[in-house]
Amino acid sequence: MPETTLLNPTQTAEREILQEDAFKRTIALERKRTERSAKPFLLMLLETGEQNGEQKSANILTKVISVLSNATRETDAIGWHKKNTSVGVLFTHLVIFDQKSILSAMLSRVAELLQDNLSLEQFSQISISFHFFPDSWDQNCSQRPSNPTLYPDLSRGNKLAKLFALTKRVMDVGGSLLLLTTLAPVMVAAAIAVKLSSEGPMLYRQQRVGQYGKPFTFLKFRSMYVNNDCSVHQKYVMQLIAGQAQLHPGSAKGEGVYKLTRDERVTRVGAFLRRTSLDELPQLINVLRGEMSLVGPRPAIPYEVAAYQIWHRRRVLEVKPGITGLWQVNGRGRVKFDEMVRLDLRYAREWSPWLDLKILLRTPRAVIASEGAY
């Protein structure tokens, strides 16, 4: 679709101007459509500086709305992104071959329209930004999927949500301190066993992707020999995410799992730690730091996130990653990747302190049974 057709002053019918809540609901709905269809959209925001008074900003942006409502397609949504300070236009059903050329042409066309209809002083108060969805996610987390503008439905702005979030943090801090104190002898024994069994550090540190794509250093007891080849795991994970992974032999009962089971990179002590999930205990420090939660989706490795389908991405956005979660107590390694993501999203949608408590109470049974742990 030629970008010039997105802004064409030919509209004559009166346009519906969406209020802030309705406009943000429209963004969220369009993002969910794109997650299914992969058809991108473009959000354009026009804002005035905070130095302007609210009434002055409202007057300028009202004129901007009038200009844009006559220049955009009827299929596009226009409304208040933030009442009296920010206006947005949502361009949908796009065919995008070159983002840079589209943005350049759009910026030139918008500037031309505004210069023709606003005074020089008013025009100088306007700042313009563009936001594509799907946004870019890269393997090294240098481009983070953290643009809150595209995820207005994930904002926990109401009082009940804030109370629940505070409750969750209190549970995380209290629970991690209690477990670190109680399990200190076990952690010391595990650390000594790791150190004596093979060369290398006691702890394994790895970059993982936290909420909103923020990278953090993930801690585990080392369960592998040092300087091993990670390409084996990366190749299998790519197949798993694409739905092409094969089940690997699991328990003596003949149950298969979606994990690398007879991995020669794993030490004998490491195999025991993994089977009993004792290798996960240092993540209590991640919880105490606020990088993880006791309950939540498992934190992803950057190369995993880079391979996600669009709808998979919400699992690293909606809640903090956790040590345990619905996936761990509902089949763990026997669950396909898409189903694991659905469990993570279900948890984010239904989250409450009571759900966290239920999952935490079910976790010891899953650990003792070694369900899907390898």
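Only the coordinates and a few stated rules stand behind these numbers; no lab work does. Since this is a predicted model, take the numbers as computed values, not measurements. FYI the Cβ positions are ideal-geometry reconstructions off the backbone, even for glycines, and counts take in every protein chain you see.
Before moving on, here are some points about what is shown:
- Among (1) 17.0; (2) 21.5; (3) 20.0, the entry that matches mean projected area of the Cα convex hull in nm² as calculated here: (2)
- When the chain is treated as a Gaussian network with alpha carbon springs shorter than 10 Å, the biggest mean-square fluctuation among E350, E47, E20 belongs to E350.
- Fewest-first ranking of V110, V186, V87, V335, using other Cβ atoms within 10 Å as the exposure measure: V186, V335, V110, V87
- With K and R counted +1 and D and E -1, the other residues having a Cβ less than 11 Å from that of V226 yield a net charge of +1.
- Taking amide H atoms as placed 1.01 Å from N in the peptide plane, the amide H of H81 lies under 5 Å from those of S86, V87, G88, each 5 or more residues away in sequence or on another chain.
- Helix axis angle, 184-197 relative to the chain longest principal axis, alpha carbon, degrees: 80
- Within the listed set R334, R208, R268, the Gaussian network model of the chain (springs between alpha-carbon atoms below 10 Å) gives the highest mean-square fluctuation for R268.
- Under 11 Å, Cβ to Cβ, from N84 - net charge with Lys/Arg +1 and Asp/Glu -1: 0
- The percentage of C-alpha pairs in region 156-368 whose separation is greater than 28 Å is 27%.
- Dipole magnitude of the chain about its Cα centre (Cβ charges: Lys, Arg +1; Asp, Glu -1), debye to nearest 20: 1620
- GNM top mover of S86, S66, S231 - the chain, alpha-carbon springs below 10 Å: S231
- Contact order normalised by residue count of region 193-243, Cα under 8 Å, 6+ apart, percent: 30
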